[in-house]
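K.L.:
Questions regarding the structure given below will be posed in turn.
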Amino acid sequence: QPAGAIYFMMDEKDVQAAMSHPGAMIGSDGIPFDTHPHPRLWGTFPRVLGHYSRDLKLFPLEDAVRRMTSYSAERFRLAGRGQVKAGFFADLCIFDPATVIDAATFEAPTLPARGIELVMCNDAVVWRDGKPGGGRAGRVLRRGDG
């Protein structure tokens, strides 16, 4: 079992300053095997969409999506990823821009985000209507992999 830790050292103003930089990409270092993970494991991306983009207006929604998808895939040379395009893997998230937000807390770190309707990973539905979609379609990607 990997060890996990939760630190309370981040200043929100520093987070906003870093995220506002035009070269910033969005990712998470949450460990999925931790029995009581950091809330960002379940909430990073919905928090960016709902809190930082929609509510605080640090950047437009389209830029938030780009920072989590095509920009990261291009930077890390993940072939066939990051765009909705013929021949690319269907890694998709259908969400409601008006309601998407993280719900995970330090007390309840695995609460699903709100406003997420469907998630596809490697062409398989892995989340639909607030419930797991029945597949474990994720896999390790190495630079240049599709």
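The values are calculated or read from the model by the stated rules, or taken from the named source; none is laboratory data. If you're wondering where the values come from, they're calculated on a predicted model, not measured in any experiment. Glycine gets a Cβ as well: all are built from the backbone with ideal geometry, and neighbour counts include every protein chain shown.
K.L.:
Looking at (1) β-branched (Val, Ile, Thr); (2) surrounded by 19 or more Cβ atoms within 10 Å (Cβ to Cβ); (3) modelled with pLDDT of 95 or more; (4) within 21 Å of Arg139 (Cα to Cα), which is the only condition Ile94 fails?
P.N.:
The number of the failed condition is (2).
K.L.:
Now a separate question. Given the structure, is Pro132 touching a helix residue (DSSP H, G or I) at 6+ places or on another chain (Cβ under 9 Å), surrounded by 12 or more Cβ atoms within 10 Å (Cβ to Cβ), at pLDDT below 95 and farther than 21 Å from Met25 by Cβ? Walk me through how you get there before you give the answer.
P.N.:
Numbers: touching a helix residue (DSSP H, G or I) at 6+ places or on another chain (Cβ under 9 Å): no; surrounded by 12 or more Cβ atoms within 10 Å (Cβ to Cβ): yes; at pLDDT below 95: yes; farther than 21 Å from Met25 by Cβ: yes.
No; evaluated as a whole, the condition is false for this residue.
K.L.:
Output the residues belonging to the stretch 11-25 that are closer than 20 Å to Glu62 by Cβ and either of a type in the set (D, E, K, R) or assigned to a loop (DSSP other than H, G, I, E, B) (or both).
P.N.:
His21, Pro22, Gly23, Ala24, Met25
K.L.:
Just the residues that are in a loop (DSSP other than H, G, I, E, B), buried (at least 16 other Cβ atoms within 10 Å of the Cβ) and over 12 Å from the mean Cα position of the chain (by Cα), please, taken from the stretch 41-87.
P.N.:
Leu58, Phe59, Phe76, Leu78, Arg81, Gly82
K.L.:
Tell me, which residue of the stretch 100-120 that is out of contact with any helix residue (DSSP H, G or I) (no Cβ under 8 Å at 6 or more places or on another chain) and part of a loop (DSSP other than H, G, I, E, B) is surrounded by the fewest Cβ atoms within 10 Å (Cβ to Cβ)?
P.N.:
Going through the stretch 100-120, the residues out of contact with any helix residue (DSSP H, G or I) (no Cβ under 8 Å at 6 or more places or on another chain) turn out to be 105-108, 117-120.
Subset that is part of a loop (DSSP other than H, G, I, E, B): 105-108.
Values: Thr105: 12, Phe106: 10, Glu107: 8, Ala108: 11.
For the stretch 100-120, the residue satisfying everything is Glu107.
K.L.:
Given the conditions (1) loosely packed, with under 15 Cβ neighbours inside 10 Å; (2) free of Cβ contacts under 8 Å to residues at least 12 places away in the same chain; (3) within 29 Å of Arg143 (Cβ to Cβ), and given that Asp123 satisfies all but one, which numbered condition is not satisfied?
P.N.:
For Asp123, the exception is condition (2).
K.L.:
Shifting gears a bit: Cβ-Cβ distance below 6 Å, separation of 6 or more or different chains: which pairs start in the stretch 18-35 with a residue that is under 19 Å from Pro46 (Cα atoms) and end on one that is surrounded by 12 or more Cβ atoms within 10 Å (Cβ to Cβ) and of a type in the set (S, T, N, Q)?
P.N.:
So the pair list comes out as Met25/Ser72; Ser28/Thr44.
K.L.:
For Phe95, state whether it is of a type in the set (Phe, Trp, Tyr), within 30 Å of Asp55 (Cβ to Cβ) and in contact with an Asp or Glu (Cβ under 8 Å, 6 or more places away or on another chain).
P.N.:
yes
Condition check ((1) free of Cβ contacts under 8 Å to residues at least 40 places away in the same chain; (2) within 17 Å of Phe45 (Cβ to Cβ)) across all residues:
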| position | (1), (2) |
| --- | --- |
| Asp55 | yes, yes |
| Leu61 | yes, yes |
| Met68 | no, yes |
| Ser72 | no, yes |
| Gly80 | no, no |
| Phe95 | no, yes |
| Thr110 | no, yes |
| Leu118 | yes, yes |
| Lys131 | yes, no |
